[in-house]
1. Which residue out of THR55, THR49, THR59, THR74 is of a type outside the set (Asp, Glu) and modelled with pLDDT under 90?
2. With (1) part of a helix (DSSP H, G or I); (2) farther than 23 Å from ALA19 by Cα as the list, and LEU46 as the residue in question, which single condition is left unmet?
3. Tell me the residue from ARG65, ARG43 that is touching a Phe, Trp or Tyr at 6+ places or on another chain (Cβ under 9 Å) and surrounded by 10 or more Cβ atoms within 10 Å (Cβ to Cβ), please.
4. What are the residue pairs meeting all of these: first residue in region 35-58, first residue without any contact (Cβ under 8 Å) to a residue 12 or more places away in the chain, second residue open to solvent by 100 Å² or more (accessible area, probe 1.4 Å), Cβ atoms under 8 Å, and 6 or more apart or on different chains?
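The values are calculated or read from the model by the stated rules, or taken from the named source; none is laboratory data. Since the structure is predicted, the reported quantities are computational estimates derived from the model, not experimental observations. Reconstructed Cβ throughout: ideal geometry from the backbone, glycine too, with neighbour counts over all protein chains shown. To get the accessible areas, we keep the full protein, side chains included, count just its heavy atoms, and leave off ligands, DNA and RNA. Shrake-Rupley method; radii C 1.70, N 1.55, O 1.52, S 1.80 Å.
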Amino acid sequence: MSTPNAAPKATSAYVAQAAIAFGISLFGAGVGIFYLPLDVWQRGFLGMTVLFLVTSTFTLAKVVRDQHEASNTTSRIDAARMEKLMAEHDPFKNP
């Protein structure tokens, strides 16, 4: 007898905490870049770097999540196939 894998759900508090932390960190980086004693082009470079870092982080998180989900799906399909083969196998049947 197998138990179905329950998909873990994030609580609303966890999602809110992650969103707030992201907003505060991005805002802090923007304010820090704005108040640096640098030329405009240097601030722009740092700003573009921060934006690229944020977008590449989202992309990396999505790729890691997709790979994890794909491996879970594959292992569940393989397990289901094995269970089906074992259920259909009759050791007393003549070949």
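1. The unique qualifying residue is THR74.
2. (2)
3. ARG43 is the lone residue from the list that is touching a Phe, Trp or Tyr at 6+ places or on another chain (Cβ under 9 Å) and surrounded by 10 or more Cβ atoms within 10 Å (Cβ to Cβ).
4. ARG43/PHE34
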